[in-house]
1. For Lys204, list the lysines whose Cα falls under 18 Å from its own Cα; do not include residues on the same chain fewer than 8 positions away.
2. Hey, if you drop one equal point scatterer on each alpha-carbon of the chain and run the Debye formula without solvent, what base-10 log of I(q)/I(0) do you get at q = 0.07, 0.10, 0.11, 0.13 Å⁻¹?
3. Compute, for the stretch 1-142, the length of the dipole vector about the Cα centre, with Cβ point charges of +1 (Lys, Arg) and -1 (Asp, Glu) only. Units Debye, rounded to 20.
4. Cα gyration tensor of the stretch 129-281, axes a ≥ b ≥ c as square roots of the eigenvalues: rounded (a/c below 1.5), prolate (a/b > b/c) or oblate?
5. Obtain the radius of gyration and the Kirkwood radius of the stretch 191-281 from its C-alpha atoms and give Rg over Rh.
6. Using Cα positions and a limit of under 16 Å, work out the lysines in reach of Lys217, with same-chain residues fewer than 8 apart set aside.
7. Roughly speaking, to the nearest percent, how much of the chain's 1.4 Å accessible area is carbon and sulfur?
8. Identify which of Tyr211, Tyr80, Tyr267 has the largest mean-square fluctuation in a Gaussian network model of the chain, with springs joining Cα atoms closer than 10 Å.
Amino acid sequence: MFPLRNNGQGPPSPGYYPSSRIGSIGFNQGFRNLWGPQHQKLDQGALTIWLDRSSGSGFKSLNPYSSGYFGAAIKLQSGYTAGVITSLYLSNNEAHPGNHDEIDIEFLGTTQDKPYVLQTNVYIRGSGDGNLIGREMKFHLWFDPTKDFHNYAILWNPNEIIFFVDDVPIRRYPRKSDDTFPMRPMWVYGSIWDASSWATENGKYKADYNYQPFVGKYNNFKISGCNANGAASCRPASGSPSDSSGLSRQQYTSMAWVQRNYKVYDYCGDPQRNHKLTPEC
């Protein structure tokens with residue numbers, strides 16, 4: 001069921017573990033409920049949110065950030081979860097409706113015989129204007145994300161965006177121009193919701209509420225960022241041991257392993273896309 005293409009072994013060690021350098025915070029230290037409060041439960045630091053026929057649920061950071069490392073350990077629901085999205089992401093949609101930036105980690109629900117898809121995405125100034133340009137890269141995972149908690153994180157600084165799974169970088173999105181990179185402050189969000197129109201095989205399989213509730217579990221929250229309202233002297237987080245932009249050679253090796261074995265979609269390689277709209281490709 002879970003496509004292990006390397007004799008069941010995980011990726012080569014990245015040699016650097018940013019999550020271990022950042023302390024965890026309690027949910028209430030960094031976040032609040034945003035919607036669906038009756039579908040959200042906090043128990044000894046672990047947050048459970050769920051979707052049923054009546055509602056999903058979401059949460060939001062107390063502060064906006066201009067850069068940083070943002071992570072959580074997440075455990076996904078097993079079984080039939082088609083149409084359901086469980087997410088951790090950065091956005092300024094509420095501050096800039098119709099013209100927002102976003103950096104996403106989204107788990108696309110699935111049918112019982114297929115693995116979850118982890119979708120990473122970057123939006124720059126765009127939704128509601130009819131010109132929504134997603135920059136999706138999708139992956140399977142080298143483990144079963146329903147069996148245990150795993151750490152997922154987004155690192156965003158003025159030079160790059162790096163997506164991590166258990167400290168392994170799976171994607172690096174460098175800043176190649178101001179037009180292709182999100183620069184405005186964003187908040188951190190998490191949610192579970194019904195995206196039946198597109199989530200599973202482009203909408204082929206819908207949420208089936210005979211299987212409700214659909215549950216997402218979060219703990220080990222980490223925020224290490226420059227508060228957008230804080231000191232201008234704040235130094236942006238780095239994703240590599242050298243504190244410079246980019247990754248170490250060892251990190252690039254582990255990322256290449258993931259992309260070679262588990263990447264299932266890359267917008268830059270999609271012949272159906274108009275790449276004039278994505279000049280970074």
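1. Lys114, Lys138
2. Ignoring solvent entirely, the Cα scatterers give -0.23, -0.49, -0.61, -0.88.
3. Values: 11 positive and 10 negative charges, 61 e Å.
Its charge dipole is roughly 300 debye.
4. It is rounded, given that a/c, with a ≥ b ≥ c, falls under 1.5.
5. 1.06
6. List returned: Lys41, Lys60, Lys75, Lys147.
7. On the way: 5770 of 12420 Å².
Carbon and sulfur atoms account for 46 percent of the accessible area of the chain.
8. Top of the fluctuation ranking is Tyr211.
The values are calculated or read from the model by the stated rules, or taken from the named source; none is laboratory data. These figures come from a predicted structure and were not determined experimentally. Note: ideal-geometry Cβ built from the backbone for every residue, glycine included; neighbour counts use all protein chains shown. The accessibility values were calculated without ligands, DNA or RNA, using every heavy atom of the protein model including side chains. Shrake-Rupley method; radii C 1.70, N 1.55, O 1.52, S 1.80 Å.
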